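The values are calculated or read from the model by the stated rules, or taken from the named source; none is laboratory data. Predicted, not measured: the structure shown is a model, and the values here were computed from it. Glycine also receives a Cβ, built like all others from the backbone with ideal geometry; neighbour counts cover every protein chain displayed.
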Amino acid sequence: MRILIVEDDTSLVAGLKKALAPAGIAVDHEVTGQGAMDVAPSEAYSLIVLDLGLPDIPGQDVLRRLRDNGCEIPILILTALGEIKDKVKCLNLGADDYLTKPFDLDEFEARAKALMRRGRGQSAPMLRCGNLVFETSSGTARLGENPLLLRRREMAVLAILMAHAGKLVQKERLISEVFSFDEPVAPNAIELYIARLRHKLGPDSPKIRTVRGLGYLMEEK
Ligand code: CA
C-alpha cells in the first residue's frame with residue numbers, strides 16, 4: 001500500500017512515516033499543493049494526507065480541486081486550525097476525516113488505516129457492540145431481537161460511537177459529523193442525544209460512558 005503525504009513540516013512527515021512503516025505502508029511526500037496535484041491523479045494511492053497550511057496553495061483549494069477533478073482517493077486532513085467550521089468545511093469539500101495538530105501518532109495510524117480499509121470497500125456493513133447491532137446499509141439498530149426506534153441524529157451519534165466502540169470519541173467530532181455546516185448547534189445538543197440514547201438503550205445494553213471534558217466512549221456492558 002502506498003500513500004501520499006502533503007505537508008511542509010518535514011519533521012512531522014518523518015514521524016508519520018515512522019508510524020506507518022511497521023505496517024508496510026509506503027509513503028510519498030510532497031511539500032507543495034501543486035506537487036500533490038501533479039502526482040495524485042497518476043498514482044494508485046490508498047490515502048492522501050493533506051495539510052491545510054501549505055506554502056503555495058491553501059489545502060482547502062487542493063482538496064477542492066482534487067475532488068473537482070474526480071479524485072476518489074480517501075483524504076485525511078491535518079489542520080492546525082482549531083475551529084470547528086474549518087473542519088466541517090473540509091468535510092463538506094470531500095475530505096474523509098481530519099486530525100488537529102498536535103495529534104497522537106497512534107491515533108493518526110488508526111485513522112489512516114481505517115480510511116484505507118474504507119477505500120477498499122471493507123468498512124463493516126454491520127456494527128456490533130455486545131447485544132447491540134447497527135446495520136449501516138439500512139440505518140436500523142436493534143438490541144438483541146428488539147428494534148430500536150431512533151431519530152436521525154440519535155442514529156448518527158450511535159453509529160459513530162459504535163464504529164469507535166471502546167475508544168474515546170471527542171464531543172467536537174460528534175458535533176462535526178452529526179451537524180452540517182449551516183445548521184445551528186445548541187451547546188448541549190450532543191448531551192441531549194446521548195441522554196435520549198441512554199434512555200432508549202436501557203440497562204441491558206452497552207453503556208455510553210461520559211469522559212468528562214473530552215467526549216464519550218461506548219463499551220460493552
Ligand atoms: Ca504546514
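At-a-glance table
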read-out: Among residues of segment 16-41, those that are away from the ligand (no atom under 16 Å from the Cβ) and among the β-branched types (Val, Ile, Thr), counted; value: 3
read-out: Any hit, segment 139-151, residues being of a type outside the set (A, V, I, L, M), modelled with pLDDT of 90 or more and within 22 Å of ILE77 (Cα to Cα); value: no
read-out: Matching entry among ALA195, ALA186 (being within 23 Å of ASP86 (Cβ to Cβ), free of Cβ contacts under 8 Å to residues at least 12 places away in the same chain and either among the hydrophobic types (A, V, I, L, M, F, W, C) or in the same structural domain as LYS113 (by TED's automatic domain parsing) (or both)); value: ALA186
read-out: Looking only at segment 47-58, and only at residues there that are within 20 Å of ASP104 (Cα to Cα) and within 13 Å of the ligand (Cβ to nearest atom), the one that is surrounded by the fewest Cβ atoms within 10 Å (Cβ to Cβ); value: GLY53
read-out: Among residues of segment 65-103, those that are in a helix (DSSP H, G or I) and surrounded by fewer than 15 Cβ atoms within 10 Å (Cβ to Cβ), counted; value: 3
read-out: Selection within segment 59-74 - of a type in the set (Gly, Ala, Ser) and within 16 Å of the ligand (Cβ to nearest atom); value: GLY59
read-out: Test set (1) modelled with pLDDT of 85 or more; (2) surrounded by 15 or more Cβ atoms within 10 Å (Cβ to Cβ); (3) not aromatic (Phe, Trp, Tyr) - SER11 fails condition number; value: (2)
read-out: Residue ID - surrounded by the most Cβ atoms within 10 Å (Cβ to Cβ), chosen from residues in segment 19-38 that are at pLDDT below 90 and part of a helix (DSSP H, G or I); value: LEU20
read-out: Meets criteria (part of a helix (DSSP H, G or I), closer than 26 Å to LEU93 by Cβ, free of Cβ contacts under 8 Å to residues at least 60 places away in the same chain and among the hydrophobic types (A, V, I, L, M, F, W, C)) for ALA156; value: yes
read-out: Single unsatisfied condition, ALA44 versus (1) surrounded by fewer than 14 Cβ atoms within 10 Å (Cβ to Cβ); (2) within 12 Å of the ligand (Cβ to nearest atom); (3) under 22 Å from the mean Cα position of the chain (by Cα); (4) not aromatic (Phe, Trp, Tyr); value: (2)
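Residues are listed down the side, and each one gets a yes or a no for (1) among the aromatic types (Phe, Trp, Tyr); (2) in contact with a strand residue (DSSP E or B) (Cβ under 7 Å, 6 or more places away or on another chain); (3) closer than 17 Å to ALA95 by Cβ:
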{"position": "LEU4", "(1), (2), (3)": "no, yes, yes"}
{"position": "VAL13", "(1), (2), (3)": "no, yes, no"}
{"position": "LYS18", "(1), (2), (3)": "no, no, no"}
{"position": "PRO22", "(1), (2), (3)": "no, no, no"}
{"position": "PRO41", "(1), (2), (3)": "no, no, no"}
{"position": "ARG64", "(1), (2), (3)": "no, no, yes"}
{"position": "PRO74", "(1), (2), (3)": "no, yes, yes"}
{"position": "THR79", "(1), (2), (3)": "no, yes, yes"}
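One line per residue, one yes/no per condition, for (1) touching a Lys or Arg at 6+ places or on another chain (Cβ under 7 Å); (2) farther than 25 Å from ARG142 by Cβ; (3) in a strand (DSSP E or B):
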{"residue": "ALA165", "(1), (2), (3)": "no, no, no"}
{"residue": "VAL169", "(1), (2), (3)": "no, no, yes"}
{"residue": "GLU172", "(1), (2), (3)": "no, yes, no"}
{"residue": "SER176", "(1), (2), (3)": "yes, yes, no"}
{"residue": "ILE190", "(1), (2), (3)": "yes, no, no"}
{"residue": "ALA195", "(1), (2), (3)": "no, no, no"}
{"residue": "ARG198", "(1), (2), (3)": "no, no, no"}
{"residue": "PRO203", "(1), (2), (3)": "no, no, no"}
{"residue": "ILE208", "(1), (2), (3)": "yes, no, yes"}
